[in-house]
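Written below as structure tokens is the structure these notes are about.
The values are calculated or read from the model by the stated rules, or taken from the named source; none is laboratory data. Not measured: the values here are computed from a predicted model. Here the Cβ positions follow ideal geometry from the backbone for every residue, glycine too, while neighbour counts run over all protein chains shown. Quick note on the areas: whole protein, heavy atoms, side chains included, nothing else; ligands and nucleic acids left out. Shrake-Rupley method; radii C 1.70, N 1.55, O 1.52, S 1.80 Å.
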Amino acid sequence: MQAARIIKQFDEVKMVVGKTGSAEVPTDPMPPEASDMMIILNPKETWKTDRTYDELADAINEQLENIPGVFFEKNQPIQMRFNELMTGIRQDVAVKIYGENMDTLLAYGNKVGAIVQDIKGATEPNVERVDGLPQIAITYNRARLANYGLNIDDINHIVSTAFAGGTAGVVFENERKFDLVVRLDSLHRNNIDDVSHLYIPTTGGAQIPLSQIADIKMELGPAQISRENGKRRIVIGFNVKGRDVESVVKDIQARLDTEVRLPEGYYYTYGGTFENLQAASRRLMLAVPAALALIFILLYFTFNSIPQAALIFTAIPMSAIGGVFALLARDMPFSISAGVGFIALFGVAVLNGIVLVSTFNQLEKDGMADIMQRVIHGTKMRLRPVLMTATVASFGFLPMALSHGAGAEVQKPLATVVIGGLLTATFLTLFVLPLLYMLFSARLKIKATAIASVAFLVFCSSSMLTAQHQMPQVLSDQYPVVTLDSAIAVALANNQHLQAQQFNLQASISQRKTAFTLPRTAVEFQYGQMNSIENDNGFTVSQTLPFPGYYGARSGMFEAEEEGIQLQQQSSALEIKAQVRSYYQQLVYLRQRQEKLLQLDSLYGEFVLAATRRYEAGETNLLGKTTAETKRGEIRILIQENETEIYTTYNSLKTILNVSYDFSPEENDQLAPMPLPDAKDTVDLADNPALKAMYQQSVIAGHSITLEKKANLPDITVGYFNQSIIGTQNVGGSDVYFDGGKRFQGFNVGLGIPLTFSSNSARVKALEYRQLSLQKEADYYRRNFQSRLQNELYTYTRSLAHFDYLKTQAMPNAELIIETARLAFRTGEIGYVEYAQALQTATEVELQYLQAINQLNQSVIQISYLTQFN
């Protein structure tokens, strides 16, 4: 919608709202947005007592229905803007339907809106308006246009100029220029009749109204087309009253699954505060176990005893009982604020246990050996502090629990959980905790009961701790030590790709033994009237042999394939060695970088301590102390990032080694520059197994061509036959009768000539093209390898120069800077700014020194890989 039309409709809306006599409209509207405006209504004094907000909204809506193109939505402006900024939706919950056709989306949107309206707790739904925008449609009659000699382009230009305006010239004002726009006067462009009566000049010089050559009518078109993630969608928004959002959405989901079946390609999503609720719930699943784990760790550090820490930890389930029952008593659902309340409750609930257990331990140190007496006396001593702790916290949350104003829906669940949990935790702490303390302290009769209690508490705490992901200490001294050579040996032995290639090599060796396999021998038996009326019998044995040279070509191809597999195996082994060296050197570099960062953190700690003392003594302002703490925070962030890199590098190395146990690099492996291979090894790449394997594929293709040519030569067939010829035969001029016992035999030799010469030649030609393709591809990778080698050599030269500078000049200066700056800062000769700059300079130099060594080693590893230097 254009801005001018929005302003005009805004004036009409102000007049309509003024007619209701129920509110005062501000004279200045809020700035127009893309296609909507907001009018904030200030209720009159007389309206406050006789009409409700809903009645006012209905009265305004009735009047606004008469204004075309205006859609009315009632809402609280602050709440609407807050929801829109947080979730992109103005209501609490939104059902989004995604699809292609807007009419289909509107139909299903209305169905969903009807279902939402029947759900308890859901307010009247607001279906996003996607249609109903009035527009003037001009449909040209092409036959009449042809009669008058007009074309559509000219008419469109006339209509656009008349109502929207067209540029007729340029107006200059000093150095600025403006377009001179011409259009009809406002009196002649107000309604559809003005469009119909617009005169169009013909080629003959006459003028005719637009209605003679076109049908002009008012139609309803799409109001807006909304997209999200590239998909069209419609939103059905509603607010929630008297129920929690999650249960309302579940009811809607159940109804939609059973009553509304979307077409193929259409689907639902749920947005608004419900989407935020789901995200917050996922965060709570991590925050609650983490909070419980931290509480247990702090308890252990406080008492240096796992049993006593677990004993005090029992206050957490005791308090959780009260929090749950308090929510049930007030008919409140579990929400995000309630989850935060549980986290706060757990921290407060353990205070009573700490007070009691500390008192019991102190009485034991004072000489009170009897457990029963110690428990009774200690409980009496700490009864008032325990009650006061719970009472003060409960009274502090009481106003939040009873609030009914703005924000009460967030405050009430949190306060209810804390108050209810403190009530049960206090009661159970005074009675249950002393009994559990006696069970934990007893050594003889109730030992079994104590073990059962401890096992239960450990099970509860461990189940909570499993939800918290902690990064393992990959460089712990407790793990087995692995050297670089042993890591390479383990990787070569465990790598499954190498194992698969070894089996492939064994298969190729076995296949080479089949190179001289003869075709099947044909044996035929004949019986019947072959020569005369008598039944003769005979048999034939024949064998087909390939043309000489076929078996030699077949054997040569098998040998070439075996060599290719061996080269691939060597290439994979060389690549694995390079990867292991790279990750191992990276791990050594990150470990020494971690040590250096910890040393720098210690220096910055001294800086913070000195700055704090100067600030407390009044020698400096707060800026010095804040600067010191900020610099130390930056170092700690670097430490955390380095730990993350150690973790990822360790996992990558562990994956290559294909081991399940943890390990640690050898402590003696210090970061030092690796030697570069000899010059003669870095010039030629002919020995690289990867390149040799690619060229070997071309050799295999050549053997395939030879084998195909040999296979196209004629086959040789030799045979032997033996048969009977029963009957009288003329032998030497006399007739002799031969029975079945007389055998006749002989030999035959033949050639099998292939007749499909064109197809055989095509196969050979295809193999030749395949050989050329493999040869070109190998040449391409050879040039690629040479380019990589030159780049690595250049990188090595640059890194070596950088390393020499850092080693000979920068590093000695960095150590001198640190010592001088520390002494000068302690004596007050320099301020915090100079000291911070000095530490930062020295830090950057030392970290760059380690990084230069690592870059140098990585270049050497790549050069060794490319030149097959082991």
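Of note:
- Matching option when the condition is farther than 29 Å from Pro263 by Cβ and open to solvent by less than 50 Å² (accessible area, probe 1.4 Å), among Gly99, Gly165: Gly165
- The lone exception for Asn352 - which of (1) buried (at least 19 other Cβ atoms within 10 Å of the Cβ); (2) without any contact (Cβ under 8 Å) to a residue 60 or more places away in the chain it fails: (2)
- Filter pass, Arg512 being in contact with a helix residue (DSSP H, G or I) (Cβ under 7 Å, 6 or more places away or on another chain), open to solvent by 80 Å² or more (accessible area, probe 1.4 Å) and not aromatic (Phe, Trp, Tyr): yes
- Per the listing Leu327, Leu351, the residue uniquely touching a Gly at 6+ places or on another chain (Cβ under 9 Å), within 28 Å of Phe397 (Cβ to Cβ) and among the hydrophobic types (A, V, I, L, M, F, W, C) is Leu327.
- Scanning the stretch 324-349 for residues that are open to solvent by less than 10 Å² (accessible area, probe 1.4 Å) and under 36 Å from the mean Cα position of the chain (by Cα) turns up Ala338, Gly339, Gly341, Leu345.
- Restricting the stretch 740-785 to residues that are in a strand (DSSP E or B) and farther than 23 Å from Lys710 by Cα, the residue that is least open to solvent (accessible area, probe 1.4 Å): Gly746
- Residues in the stretch 379-394 that are touching a Leu at 6+ places or on another chain (Cβ under 8 Å) and within 16 Å of Val418 (Cβ to Cβ) were compared, and the one that is most open to solvent (accessible area, probe 1.4 Å) is Thr389.
- The selection criterion, being free of Cβ contacts under 8 Å to residues at least 12 places away in the same chain and surrounded by 12 or more Cβ atoms within 10 Å (Cβ to Cβ), does not hold for Gln809.
- Among the residues of the stretch 234-287, the one identified as on the phi > 0 side of the Ramachandran plot and crowded, with 19+ Cβ neighbours inside 10 Å is Gly272.
- Test: residue in the stretch 602-609 that is more than 22 Å from Leu856 (Cβ to Cβ), out of contact with any Lys or Arg (no Cβ under 9 Å at 6 or more places or on another chain) and open to solvent by 50 Å² or more (accessible area, probe 1.4 Å): yes
- Restricting the first member to the stretch 162-175 and to residues that are within 25 Å of Val195 (Cα to Cα), and the second to residues that are charged (D, E, K, R) and in a strand (DSSP E or B), the beta-carbon pairs closer than 6 Å and six or more apart or on different chains are Thr167/Asp179.
- When residues in the stretch 245-264 are screened for being of a type in the set (Val, Ile, Thr) and either touching a Cys at 6+ places or on another chain (Cβ under 8 Å) or not in a helix (DSSP H, G or I) (or both), 1 of them pass.
- Checking Gly750 against (1) within 60 Å of the chain's Cα centre (by Cα); (2) at pLDDT 85 or above, the condition it does not meet: (1)
- Residues that are in a helix (DSSP H, G or I), modelled with pLDDT of 80 or more and not hydrophobic (A, V, I, L, M, F, W, C), drawn from the stretch 320-340: Gly322, Gly323
- The residue list Arg520, Arg443, Arg512 contains one member that is of a type in the set (D, E, K, R), at pLDDT 80 or above and farther than 30 Å from Ile646 by Cα, which is Arg520.
- Taking the criterion of being within 23 Å of Gln696 (Cα to Cα) and β-branched (Val, Ile, Thr), the residues of the stretch 554-595 that qualify are Ile565, Ile576.
- Condition check for Ala369: among the small types (Gly, Ala, Ser), surrounded by fewer than 19 Cβ atoms within 10 Å (Cβ to Cβ) and without any contact (Cβ under 8 Å) to a residue 24 or more places away in the chain: yes
- Meets criteria (free of Cβ contacts under 8 Å to residues at least 12 places away in the same chain and farther than 23 Å from Ile297 by Cβ) for Gln411: no
- Failed item, numbered, when Ser305 is tested on (1) touching a helix residue (DSSP H, G or I) at 6+ places or on another chain (Cβ under 7 Å); (2) open to solvent by less than 50 Å² (accessible area, probe 1.4 Å); (3) modelled with pLDDT of 80 or more; (4) not aromatic (Phe, Trp, Tyr): (1)
- All conditions in (1) within 30 Å of Gly230 (Cβ to Cβ); (2) in a helix (DSSP H, G or I) hold for Ile295, with the sole exception of (1).
- Single match in Phe427, Phe397 (criterion: in contact with a Leu (Cβ under 8 Å, 6 or more places away or on another chain), open to solvent by 30 Å² or more (accessible area, probe 1.4 Å) and either among the aliphatic types (A, V, I, L, M) or without any contact (Cβ under 8 Å) to a residue 40 or more places away in the chain (or both)): Phe397
- Among the residues of the stretch 850-869, those that are within 35 Å of the chain's Cα centre (by Cα) and not polar (S, T, N, Q) comprise Leu850, Ala852, Ile853, Leu856, Val860, Ile861, Ile863, Tyr865, Leu866.
- Applying the condition of being assigned to a strand (DSSP E or B) and open to solvent by 50 Å² or more (accessible area, probe 1.4 Å) to the stretch 518-540 and asking which residue is nearest to Gly727 (Cα to Cα) yields Tyr527.
- Residue match in the stretch 827-842 (condition: β-branched (Val, Ile, Thr), more than 30 Å from Arg581 (Cβ to Cβ) and outside any helix (DSSP H, G or I)): yes
- Members of the stretch 232-289 that are of a type in the set (Lys, Arg), out of contact with any strand residue (DSSP E or B) (no Cβ under 9 Å at 6 or more places or on another chain) and touching a residue at least 24 places away in the same chain (Cβ under 8 Å): Arg255
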